[in-house]
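The values are calculated or read from the model by the stated rules, or taken from the named source; none is laboratory data. In this text the structure is predicted, and so the values were computed from the model without any measurement. Cβ sites come from the backbone with ideal geometry, for glycine too, and all protein chains shown count toward neighbours. Heads up: the accessible areas ignore ligands, DNA and RNA and are worked out on the full protein's heavy atoms, side chains in. Shrake-Rupley method; radii C 1.70, N 1.55, O 1.52, S 1.80 Å.
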Amino acid sequence: MSRIAYVNGRYLPLAEAAVHIEDRGFQFADAVYDVIEVRGGRLVEDERHLARLGRSLGELRIATPMTVSALGVVIREVVRRNHVRDGLAYVQVTRGVAPRDHAFPVPSVRPTLVVTARRSKPAVKIKGEAGITVVTVPETRWARVDIKTVSLLPNVLARQAAREAGANEAWFVGADGLVNEGSSSNAWIVTAAGELVTAPTTAMILRGVTRAVLLEVAATQGLTLVERRFSVAEALAAREAFITSATSLVTPVLSIDGAPVGNGGPGATAATLRAALIARTRVAPAWGGPVAQGSGIG
Ligand code: PDD
């Protein structure tokens, strides 16, 4: 089965789906994206992801390519056409196509919208329970990591460093020795005193949707929540560490830079929170309406 992508109003086989070489997403990484989990054919927390996408667009003054509800229709249609039951949907919006010039095009151009969906790798699910390993890297990103831009080179290099060290994720550590977040996930610890600790939204982090939902879930579990950054030494002395993201949900961290966290196995709190998150997550109704072919900016 060939995969289908939505590009600027058309649903196309992946091999035929393309954007212009003068697209500012390609030329300048002048683009934002979001990633939504698909579970049982339905979108998980799509409202929050689309709200964050709207915020990212607003912060960069990129025009909204279509209404949120129309975008929801397109995403569901891409999920449906790709027969994705469990996987991920990606939305990418660039400032559009214009002759190369750093400043915004005048007059403004239509944004480029690309939506794709794919099944998740079984390995991701297995690791979700078994756990992952982490290496630390110096924080090298720009100050606006709260915007979910496709400008991900530091994240790419961090993840490659992890891979070359035989690890799964990299944690960005600030000059002050405190952890910000992972290359594509938020970072958490459960301290020996039983506190659940993750960086506040004022820190150099992306405001993870999974992070926000998990904070709500954890509050109902009677856990003490503390939004502050933590050091690597503190994480190693912690009872547990874990990451959160739309792709990993709650995934235990077994070691950091080769040193074990806690007893070096997946922790009980991470397992409880993962189960509670899965049980609680709001899932949008499956799309059953008319096909959105040609809608939007095509
Ligand atoms: N990444 N921090 C960073 C830098 C991220 O890229 C992500 C998500 C998160 C977690 O956010 P959320 O819980 O909303 O997925 C935190 C996605 C999954 C990606 O780039 O593939």
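Measuring r between the beta carbons of Arg144 and His20 and using R0 = 25 Å, the FRET efficiency lands at 0.45.
Assign one of three labels to the chain, namely rounded, prolate or oblate, based on the Cα gyration tensor with a ≥ b ≥ c the square roots of its eigenvalues; rounded applies when a/c is under 1.5, prolate when it is not and a/b is larger than b/c, and oblate otherwise.
Working: a/c = 2.02, a/b = 1.52, b/c = 1.33.
Prolate, since a/c reaches 1.5 and a/b exceeds b/c.
On the beta carbon distance between Glu59 and Asn263, with R0 = 51 Å, the FRET formula returns roughly 0.75.
Computed from the alpha carbon atoms alone, the convex hull of the stretch 132-280 holds 98 Å³ per residue. For the stretch 82-187, the set of trypsin sites (Lys or Arg not before Pro) satisfying both a DSSP loop assignment and a count of at most 11 other C-beta atoms within 10 Å is given as Arg100. Taken over the stretch 84-162, the alpha-carbon convex hull comes to 149 cubic angstrom per residue. Rolling a 1.4 Å probe over the protein heavy atoms gives the stretch 4-120 an accessible area of 46 Å² per residue. In this structure, Ser69 and Glu216 have a Cβ-Cβ separation that, at R0 = 30 Å, corresponds to a calculated FRET efficiency of about 0.80. Note on Arg163 and Leu225: their simple-model spin labels are 3.5 nm apart, each label 7 Å out from Cα toward Cβ. Each of Tyr90 and Ala193 was given a label point 7 Å from its Cα along the Cα-to-Cβ line. The distance between the two points is 4.2 nm.
Of all aspartates and glutamates in the structure, the ones whose alpha carbon falls short of 18 Å from that of Lys125, not counting any fewer than 8 places away in one chain, are Glu37, Asp86, Glu169.
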